[in-house]
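The values are calculated or read from the model by the stated rules, or taken from the named source; none is laboratory data. If you're wondering where the values come from, they're calculated on a predicted model, not measured in any experiment. Here the Cβ is made from the backbone with ideal geometry for all residues, glycine too, and neighbour counts use every protein chain on show. These area figures cover heavy atoms from the full protein model, side chains too; ligands, DNA and RNA do not enter into them. Shrake-Rupley method; radii C 1.70, N 1.55, O 1.52, S 1.80 Å.
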Amino acid sequence: MDHETFNQAIDLHADMVARLLMLRCRQPEDAGDCFQSVFLKLLTYPKPFQDQEHIKAWLIRTAIHEAASLNRQFWKRKVVLLGDSPYPDAAVPEDSDARQLLDELRTLPEPQREVLYLYYYEGYSVDELAALLGVRPGTVKSRLSRARAALKQKLETEGYSHEMGRI
C-alpha cells in the first residue's frame with residue numbers, strides 16, 4: 001500500500017477503528033495497542049484494495065479479530081479491573097444520560113454490542129453486516145433484536161422511557 005492511500009485511510013477511518021476497539025477491549029491501553037497493530041497490518045497488507053469502502057470493511061474485520069485475539073490471551077482473561085467502570089471516558093461526563101447509556105451498552109454481550117454499534121453508528125445494513133461479520137443476515141437481525149430488547153429493559157428499569165427515541 002502506498003503512503004498516500006495509507007494516510008488517507010487513517011484520516012477517514014482512524015476514529016471509527018478507535019471507537020470499535022474501545023467497545024471490544026477492556027482498557028484504553030489495550031485498545032491503543034490493537035489500534036497500532038491494525039494500522040501496521042494495513043500498511044504491510046500485500047494485496048490491493050478496490051476503494052476506501054473496501055479498506056473500511058477490512059479495517060473493521062481486522063480490528064474485531066485483533067481485539068478478540070488480545071482478549072483470548074490467558075493473562076487478559078484473568079485480570080480483575082479496579083474502580084467503578086472499566087471504560088474510562090473523559091469525553092462523556094459521569095452524570096450525563098449519554099454516559100449511562102454508554103455504560104449500559106457496554107454491559108451487553110460482545111456480539112450484540114458490536115452489531116448495535118455498526119448498525120446505528122456506522123450505518124451498515126443487515127446484509128452488509130452479515131458479510132462483514134461472516135454470519136447470516138438472520139443472525140444479525142436476531143442479535144440486533146436481542147440487543148435492543150436488553151438495552152430497552154435495562155433502561156426502563158433505570159427509569160427511562162421512550163422519550164429518548166427509538167433504541
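Numbers below:
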quantity: ³J(HN,Hα), Karplus 6.51/-1.76/1.60, whole Hz, each residue of the stretch 38-53, x for Gly, Pro; calculated: 4, 6, 5, 5, 4, 4, 9, 5, x, 8, x, 9, 6, 7, 5, 5
quantity: Per-residue ³J(HN,Hα) for the stretch 138-143, Karplus 6.51 cos²θ - 1.76 cosθ + 1.60, θ = phi - 60°, Hz, x for Gly and Pro; calculated: x, 5, 4, 4, 5, 5
quantity: Total formal charge among the other residues, if their Cβ is under 12 angstrom from that of GLN8, Lys/Arg +1 and Asp/Glu -1; calculated: -3
quantity: Karplus (6.51, -1.76, 1.60) ³J(HN,Hα), θ = phi - 60°, over the stretch 119-129, in Hz, Gly and Pro reported as x; calculated: 6, 8, 8, 8, x, 7, 7, 4, 5, 5, 5
quantity: Accessible surface of the stretch 1-62 [probe 1.4 Å, protein heavy atoms]: carbon and sulfur percent; calculated: 53 percent
quantity: Alpha-carbon centroid distance for the pair the stretch 110-144 / the stretch 1-72, whole angstrom; calculated: 18 Å
quantity: Protein-only accessible surface order, largest first, of ARG19, ARG148, ARG113 at 1.4 Å; calculated: ARG19, ARG148, ARG113
quantity: 13 Å tail of the calculated P(r), the stretch 1-58, as % of Cα pairs; calculated: 60 percent
